[in-house]
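The values are calculated or read from the model by the stated rules, or taken from the named source; none is laboratory data. Note that the structure is predicted; figures quoted are calculated from it, not measured. Backbone-built Cβ (ideal geometry, glycine too); neighbour counts: all protein chains shown.
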Amino acid sequence: MERRDFDYYEARARYVKLEDITSDENNAEILRRLRDHSLDMLTIAGYYGHGHFVVCEGDDFGWLGYFIGKSKCLGYLRIYSLGEGEGQNIEALIEGINRNRSIGSIYIRTDLGDVNFRNLTPFFRNNHRLAQLDLSFEVGLECAQSIAVTLSESQCQSLKKITIEDSNLSDEGLTGIATALRTYPHLSVLSLENNSIGLMGCIALGETMRGWETSNLKVLDLDGNNIGDQGLQALAAGITNTKLEELYLSGNLITAVGLRSLSEYFQSESCRLKILNVLTNAFGDEGAVALAEGLMGNESLTSLHLSEESVGLECAQSIAFVLDENRCQSLESLRFEDCNLGEDGFAVIATALRTYSQLEELHLQNNNIGLTGCTALADTLRGWGASNLKHLDLDGNGIDDQGLQTLAAGITNTKLEELFLSDNLITAVGLRSMSDYFQSESCCLKTLNVLRNDFGDEGAVALADILMGNKSLTSLHLSEESGITDVGWAAFSKLLCDPSSIKSTYHSNHIIKTIGEYEMPRTPFNIRRYLDLNELLDRRHAAIHKILKSHPDLDMEPFFQWKLKLLPAVINWFQSARSRMVANDLIGESIQRQRQNLQSRELSALYKFVRGMPALTVISYWQQQVINIQARRRRLDVEEETAWVRLGGRPRDEGNVEFIQIGAKRMRQE
């Protein structure tokens with residue numbers, strides 16, 4: 001296609017029909033919204049999706065670039081793929097992006113080519129709203145050099161976040177980019193997850209951070225980068241010069257030697273680190289001890305995430321000693337994942353946590369804590385006078401019924417919102433031990449995860465029983481491995497909608513929205529229907545819809561005790577149901593059919609209500625009329641007597657009747 005500049009599109013934009021210049025109606029609609037300044041997010045992709053601009057043929061690129069350049073409200077540009085239009089007038093697209101001044105975030109998942117990326121320099125230099133650059137594609141050395149040149153020449157002062165993830169960025173490639181970042185001390189987030197930056201990259205990045213006079217860097221993500229001890233030592237000198245709050249070093253090659261190089265930083269008064277993530281680093285007991293000793297005296301850390309294949313008892317005792325001595329009141333999240341702490345190892349750590357009632361998250365997946373660990377944890381939870389714990393993860397810990405019974409007593413003392421108990425040995429007996437907790441008014445639990453516990457139908461029935469009347473739980477996650485059959489699912493169906501009586505239906509569970517696996521692929525349709533009702537409607541309206549569906553012939557006799565006082569409530573009840581009509585896929589009828597059915601049910605209920613008490617209806621009407629007449633007579637007598645008194649106490653006679661009536665009238669007006 002011939003090269004067309006901005007003036008070409010400018011001259012034709014006023015009268016051109018968008019349908020004639022694009023490959024399909026979807027693209028025309030996106031251009032229309034760009035032209036009208038009503039589109040704030042744009043995705044360029046090689047496949048059709050919601051809001052995707054797909055370049056197929058013709059001059060899609062050219063017109064798209066023109067309208068991007070003219071847009072005043074486009075804030076987020078995502079380039080997933082250039083599709084079949086790759087190479088077709090891409091220069092016009094680049095020119096349009098360069099002219100734009102509204103984009104605040106640009107996300108690129110496809111290689112634009114070395115030249116084209118470098119040609120974006122005017123965009124980075126002149127767009128003062130640009131705050132975020134995300135790159136996620138194979139970044140070779142030449143592409144990395146183009147990125148470095150663009151950043152160096154543009155010196156974009158508004159840019160606050162740079163992400164280059166899953167890009168196979170080499171140490172040599174990062175060296176150039178890190179050098180370019182020496183003029184970016186205002187950067188607050190640098191994420192380089194899953195690359196291969198190695199030692200050279202760490203040295204270059206450390207020198208860049210050390211060269212910043214005043215640094216705003218708060219988040220540094222270096223997960224999965226083959227960083228060894230030397231690399232971490234090179235980084236440590238630069239990190240001390242930042243205001244870092246989050247440091248991610250998981251999936252690297254760090255040992256105790258590297259962790260000790262951070263001790264001086266951890267213990268310095270300038271350290272502001274809140275989150276330290278060192279998951280899946282094979283540093284062994286020695287590394288865990290080095291890390292624990294390095295954190296001695298630190299008062300900034302709020303989250304410590306540690307994962308190691310095996311932590312021995314000696315190491316656990318060292319960690320417990322540091323926790324007990326340090327008593328870091330800032331710590332809010334503690335994560336020991338896949339550490340195989342064992343019963344005795346975790347018991348000493350749990351004991352050390354008795355002074356950490358401020359903890360909000362405790363992750364203990366795959367540690368085999370057993371009964372001894374459960375007992376120690378329960379004692380700790382019970383000893384917290386006022387607990388802030390909201391998330392407790394005990395997946396894969398060999399917890400049986402006795403262990404869960406022990407835990408139940410401690411959990412009642414928390415504000416727990418999420419409890420994970422998957423991959424354990426729990427049966428119906430253990431689940432029933434949680435009944436008092438779920439039935440209590442203090443229960444705040446929203447998510448319960450019991451995946452891959454083989455408790456069968458008995459466990460399902462136990463869960464349904466303990467959740468009857470619960471007012472907090474919204475998600476119950478269980479899996480096919482739990483061995484639930486139709487019997488267990490029937491218990492959950494009754495939990496959600498008990499059709500035995502209107503009262504039972506009303507008191508069913510209208511809170512829970514998920515039962516089963518996360519996408520509920522195996523949850524029976526009738527149960528998903530009730531869960532969808534709970535999701536879409538509040539408790540009151542969900543109850544109304546379930547009652548109307550489960551009780552086609554409403555018995556009005558139980559309501560006669562309230563006489564006619566209930567009649568307005570009945571009318572309002574049906575009106576409310578009509579106003580909250582739900583989608584037809586929930587109850588298997590069209591919206592029009594639902595409305596007609598509700599109207600018929602309303603008339604039928606009112607007819608039964610009045611027909612069932614005709615004498616009461618008539619008597620009530622005439623009794624009210626008599627009461628009104630008597631009240632009116634008493635009011636007139638009082639008015640006349642008062643007027644007579646105003647006449648000076650003269651006897652009432654035929655001569656002053658008119659005067660009395662006039663006086664009474666004046667009194668009413670007053």
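Side notes on the structure shown:
- Looking at the range 467-557, the helices (runs of 4 or more DSSP H) lying wholly inside it that each contain 2 or more residues that are on the phi < 0 side of the Ramachandran plot and of a type in the set (Lys, Arg) sit at 525-536, 539-550.
- If you check ILE411, ILE369, ILE399 for being within 26 Å of the chain's Cα centre (by Cα), farther than 30 Å from VAL219 by Cβ and either assigned by TED's automatic domain parsing to the domain that holds ASP454 or crowded, with 19+ Cβ neighbours inside 10 Å (or both), only one passes: ILE411.
- Checking the stated criteria, LYS563 turns out to be surrounded by fewer than 13 Cβ atoms within 10 Å (Cβ to Cβ), touching a helix residue (DSSP H, G or I) at 6+ places or on another chain (Cβ under 7 Å) and modelled with pLDDT under 90.
- Look at (1) modelled with pLDDT under 95; (2) within 30 Å of SER158 (Cβ to Cβ); (3) touching a helix residue (DSSP H, G or I) at 6+ places or on another chain (Cβ under 7 Å) and you find that LEU205 fails only one, number (1).
- Pairs meeting the criteria (first residue in the range 146-165 and crowded, with 20+ Cβ neighbours inside 10 Å, second residue in a strand (DSSP E or B), beta carbons under 6 Å, at least 6 apart or on different chains) are ILE162/LEU133; ILE162/LEU190; ILE164/LEU135.
- Every residue from the range 228-260 that is over 22 Å from SER191 (Cβ atoms) and of a type in the set (Ser, Thr, Tyr): THR255
- Apart from one condition, LEU133 fits all of (1) surrounded by fewer than 20 Cβ atoms within 10 Å (Cβ to Cβ); (2) closer than 21 Å to THR43 by Cβ; the exception is (1).
- The test for being touching an Asp or Glu at 6+ places or on another chain (Cβ under 8 Å), farther than 21 Å from GLU361 by Cβ and among the aliphatic types (A, V, I, L, M) holds for LEU425.
- Taking the range 289-380 and the strands (runs of 3 or more DSSP E) fully enclosed by it, the elements with 1 or more residues that are modelled with pLDDT of 85 or more and of a type in the set (Ser, Thr, Tyr) are at 303-307, 333-337.
- Residue match in the range 98-113 (condition: assigned to a helix (DSSP H, G or I), surrounded by 17 or more Cβ atoms within 10 Å (Cβ to Cβ) and at pLDDT below 90): no
- Some residue of the range 222-244 being farther than 24 Å from GLU286 by Cβ, at pLDDT 95 or above and surrounded by fewer than 21 Cβ atoms within 10 Å (Cβ to Cβ): no
- Complete set of residues in the range 414-433 that are under 26 Å from the mean Cα position of the chain (by Cα) and either assigned to a helix (DSSP H, G or I) or closer than 18 Å to VAL461 by Cβ (or both): LEU421
- Exactly one residue out of ALA428, ALA408, ALA460 is out of contact with any Ser or Thr (no Cβ under 9 Å at 6 or more places or on another chain) and small (Gly, Ala, Ser), and it is ALA428.
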